[in-house]
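Since the structure comes first, as structure tokens, the remarks are kept for the end.
Readers should treat all values here as calculations from the given coordinates under stated rules, not as data from a laboratory. These numbers were taken from a predicted model, which means no experiment stands behind them. Heads up, the Cβs are rebuilt from the backbone with ideal geometry, glycines too, and the neighbour counts pull from every protein chain shown.
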Amino acid sequence: MTFFDDLPEPPPRPRQPQPLRSGWSGPPSDELPGVVPIGEFIHNSPRMVMALKSVEVYSTGCVLDVVWIVRRGEETDREWRDVMDQGFNHPGSSLSADVGLMVGVGYPDGRKAIASRPTPSMFEDDDVTGPVLTMIGGGGGSGNDDMVQSSAHYWLWPLPLEGDTRLVAKWEGLGMDEASVVLSGEQVGEALGRVRRFWTD
């Protein structure tokens, strides 16, 4: 017998149920999405590229995978550091909206969702009708003396199925005028048919 052998068992604790999650707050945790391999440029210039790589479609919404790369030109070391600082910033960052990255989605019926706006809170669940576009993370980023690259994932709710949806981006601080790419409602609908639940019980 050792010093710790006779420790009492902790009392059983009540089982905590899985909390209910609002559809606008993020993708379902029990689904394997259908993926649309978009692979289209939102912006493509000698200095900067931004692209929509893919869309992960869930039963309630979709995740947009956006990437960007900026190449160094004639910037001084100080100017290039400023570019790198901007290149890692996302909507809702400390950069003002007039120079930082702005991302939005236009639905076929004219409704808009903009990522830089505050998202709803859990106290607004009954009143949220959407659409909602929010950043839910990214694939990180890297930079050196020649280029800076980064990415972001955006959750769009509700799922746009009726007609084509437009993803719009603008980044004045990096010289990127407003540009967009179209997401086909037909492709989204087909991917929705490939969504699989983890469990059926």
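By how many nm would the segment from S22 to R78 lengthen if fully extended, with 0.36 nm per residue of separation less the alpha-carbon distance? Intermediate results must be reported in sequence, preceding the final value.
Details: separation 56, 0.36 × 56 = 20.16 nm, distance 4.41 nm.
So the extension gain works out to 15.7 nm.
On C-alpha positions alone, give me the angle between the axis of helix 77-87 and the longest principal axis of the chain, in degrees, nearest 10.
50
Can you give the percent of C-alpha pairs in the chain whose distance is more than 22 Å? Kindly include the intermediate steps, with their values, before the conclusion.
Working: 11020 of 20100 pairs.
It works out to 55 percent of all Cα pairs.
Give me Rg/Rg_expected for region 14-75, where Rg uses Cα atoms only and Rg_expected = 2.2 N^0.38 Å with N residues. Show your work: numbers first, answer last.
Numbers: Rg = 17.8 Å, N = 62, 2.2 N^0.38 = 10.6 Å.
Taking the Cα Rg and dividing by 2.2 N^0.38 Å, one obtains 1.68.
Distance in nm between label sites at T200 and E172, each 7 Å beyond Cα in the beta-carbon direction?
5.4
Given the convex hull over the Cα atoms of region 159-201, what projected area results after averaging over all orientations, in nm²? Present the calculation step by step, with values, prior to reporting the outcome.
Details: hull surface 19.1 nm².
Hull-based average projected area comes out at 4.8 nm².
Round to the nearest 0.05 the FRET efficiency obtained for K112 and V35 when R0 = 30 Å and r is the Cβ-Cβ distance. Kindly include the intermediate steps, with their values, before the conclusion.
Working: r = 25 Å, r/R0 = 0.84.
Approximately 0.75, to the nearest 0.05.
Anyone know which of S54, S45, S184 comes out most mobile in the 10 Å Cα GNM of the chain?
In this elastic network of the chain, the residue with the biggest mean-square fluctuation among S54, S45, S184 is S45.
Counting only chymotrypsin sites (Phe, Trp or Tyr not before Pro) that are in a DSSP loop and have at most 10 other C-beta atoms within 10 Å, tell me the longest site-free stretch of the chain. All intermediate terms of the calculation are to be shown ahead of the outcome.
On the way: sites that count: F3, F4, F198, W199.
Within the chain, the longest run free of exposed chymotrypsin sites (Phe, Trp or Tyr not before Pro) spans 5-197.
For a bin width of 5 Å, list the pair-distance distribution of region 137-187 built from all Cα-Cα distances, rounded to whole %.
Here the calculated profile for region 137-187 is 5, 14, 15, 23, 20, 12, 7, 3, 1.
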